[in-house]
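Only one structure is covered here, and it is reproduced in the block below.
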Amino acid sequence: MEATIVGLAERIATEAHAGQYRRDGSTPYIEHPRAVASRVGSDPNAQVVAWLHDVLEDSDLTADHLLENGIPRHCADAVELLTKSEDTDYETYLERVAQSPLATKVKIADMISNLADSPSTKQLKKYAEGLMRLTREL
């Protein structure tokens, strides 16, 4: 069952990010969720959320779509927490993410993945601040 749900999340993410590329314009975007999933360990819930962490922000998919396709509610809820809206400032976003250990685990892996992907000076500062915030209570 656990491998099946992770595979489902991977398939949904792959379809949602089809035709999207990373900053370099040549790396398929799906490589980012793959990298994040590789950084969360063997926890299948974290792997599911890692695969899906950007789909609501970067596609037309909704949390309802995830639920209707078999993603467990607690995973869809974490994906929603990880979805930053344009009207939310970064600090408020991080405070919201920090309320969920599952979302926090995935966001930390996301930031580490982004730091490994030639970040700008501005991004370095942003991720450093984010990591400091999210690891405060660990």
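Per-structure values
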item	result
Test: residue in the stretch 112-123 that is crowded, with 18+ Cβ neighbours inside 10 Å and not basic (Lys, Arg)	yes
Scope the stretch 78-108; condition more than 13 Å from residue 54 (Cα to Cα) and either touching a strand residue (DSSP E or B) at 6+ places or on another chain (Cβ under 7 Å) or surrounded by 14 or more Cβ atoms within 10 Å (Cβ to Cβ) (or both); matching residues	93, 94, 96, 97, 98, 100, 102, 104, 105, 108
Residues being of a type in the set (Lys, Arg) and in contact with a His (Cβ under 9 Å, 6 or more places away or on another chain) - total across the stretch 94-133	1
Among residues of the stretch 34-55, those that are under 10 Å from the mean Cα position of the chain (by Cα) and over 17 Å from residue 4 (Cα atoms), counted	4
Tally of residues being assigned to a loop (DSSP other than H, G, I, E, B) and closer than 10 Å to residue 130 by Cα across the stretch 99-110	0
Any hit, the stretch 37-51, residues being farther than 20 Å from residue 115 by Cα and loosely packed, with under 13 Cβ neighbours inside 10 Å	yes
Subset of the stretch 50-65 (residues that are under 20 Å from residue 40 (Cα atoms), of a type outside the set (D, E, K, R) and in a loop (DSSP other than H, G, I, E, B))	53
The one condition in (1) among the charged types (D, E, K, R); (2) closer than 14 Å to residue 50 by Cβ; (3) in contact with a Phe, Trp or Tyr (Cβ under 8 Å, 6 or more places away or on another chain) that residue 126 fails to fulfil	(2)
Among residues of the stretch 15-33, those that are part of a helix (DSSP H, G or I), without any contact (Cβ under 8 Å) to a residue 24 or more places away in the chain and crowded, with 16+ Cβ neighbours inside 10 Å, counted	1
Test for residue 118: is it over 11 Å from the mean Cα position of the chain (by Cα), of a type outside the set (A, V, I, L, M, F, W, C) and over 17 Å from residue 13 (Cα atoms)	yes
Search result, residues across the stretch 66-94 that are outside any loop (DSSP other than H, G, I, E, B), of a type outside the set (A, V, I, L, M) and either modelled with pLDDT of 95 or more or out of contact with any helix residue (DSSP H, G or I) (no Cβ under 8 Å at 6 or more places or on another chain) (or both)	68, 73, 74, 75, 77, 80, 92, 93
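The values are calculated or read from the model by the stated rules, or taken from the named source; none is laboratory data. Here the structure is a predicted model, which means the values were calculated and not measured. Every residue, glycine among them, receives a Cβ derived from its backbone with ideal geometry; neighbour counts consider all protein chains shown.
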